[in-house]
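Remarks on the structure that follows.
The values are calculated or read from the model by the stated rules, or taken from the named source; none is laboratory data. These numbers come from a predicted model, not from an experiment. A quick note on method: Cβ atoms are made from the backbone with ideal geometry, for glycine too, and the neighbour counts reach across all protein chains shown.
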Amino acid sequence: MTTKRFFGLTGLCCVALGLPACSNTPAPKPEPTWEQAAANPLIPANYKAAEALLAQANPVLTNTQPLIIATVVNIDNLDQSSTLGRLISEHVSARFTKAGYRMIELKYRNSVYVKRSQGELMLTREIKDLAQSHDAQAVIVGTYGQSDEFVFVNLKVIQPATNIVLAVQDYVLPLDNSTKALLRSR
């Protein structure tokens, strides 16, 4: 075998072996950057909704008596939530805390039933008893519903003694890959 022919066959083998790597193998998805994470709109959307609640409820609420927030739940099954519902609750609670309101953290209380993987779910009949036991002036509750393209969120601030709604805010999130992942119940 001549040298020219040997290198020709070697080159042909290298090309043949390299072809499968080029076929139908998707390029790896690039990792998100710190800048992309900082620009994610989920927290600002939830903060904006909390600010709307604060603006409506401000004349009635005081910063001397605490508030309770329930996990935002699936409107089609009020016993079910998701990572998204729990995150919305956390963000709204954080915004109220930053505004100077005292928020009762339910996840670490032994006296409150916390359903595993669902967070602190709240039904209307429980609001009065729970608020009384924690001396809460109001309870923040919420639901979300999913369509093909969006997630519709409804938040309410409820006066527990009367069940009167003091503030309400509706907003919409896109059903993108990130939101879809957060909606999967865990």
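List of remarks:
- Test: residue in the range 151-162 that is among the basic types (Lys, Arg) and modelled with pLDDT under 95: no
- Neighbours by Cβ (under 7 Å, 6+ apart or cross-chain): first from the range 71-94, on the phi < 0 side of the Ramachandran plot and surrounded by fewer than 21 Cβ atoms within 10 Å (Cβ to Cβ); second among the β-branched types (Val, Ile, Thr) and in a loop (DSSP other than H, G, I, E, B): Arg86/Thr71
- Complete set of residues in the range 134-181 that are of a type in the set (A, V, I, L, M), surrounded by fewer than 18 Cβ atoms within 10 Å (Cβ to Cβ) and outside any loop (DSSP other than H, G, I, E, B): Ile164, Val165, Val168, Val172, Ala181
- A single member of Ser81, Ser93 is touching a strand residue (DSSP E or B) at 6+ places or on another chain (Cβ under 6 Å) and in a loop (DSSP other than H, G, I, E, B), and it is Ser81.
- So Asn58, is it at pLDDT below 95 and over 26 Å from Asn177 (Cβ atoms): yes
- The residue pairs whose first member lies in the range 30-48 and is acidic (Asp, Glu) and loosely packed, with under 13 Cβ neighbours inside 10 Å, whose second member is modelled with pLDDT of 95 or more and in a helix (DSSP H, G or I), and whose beta carbons are closer than 7 Å, counting only pairs six or more residues apart or on different chains, do not exist in this structure.
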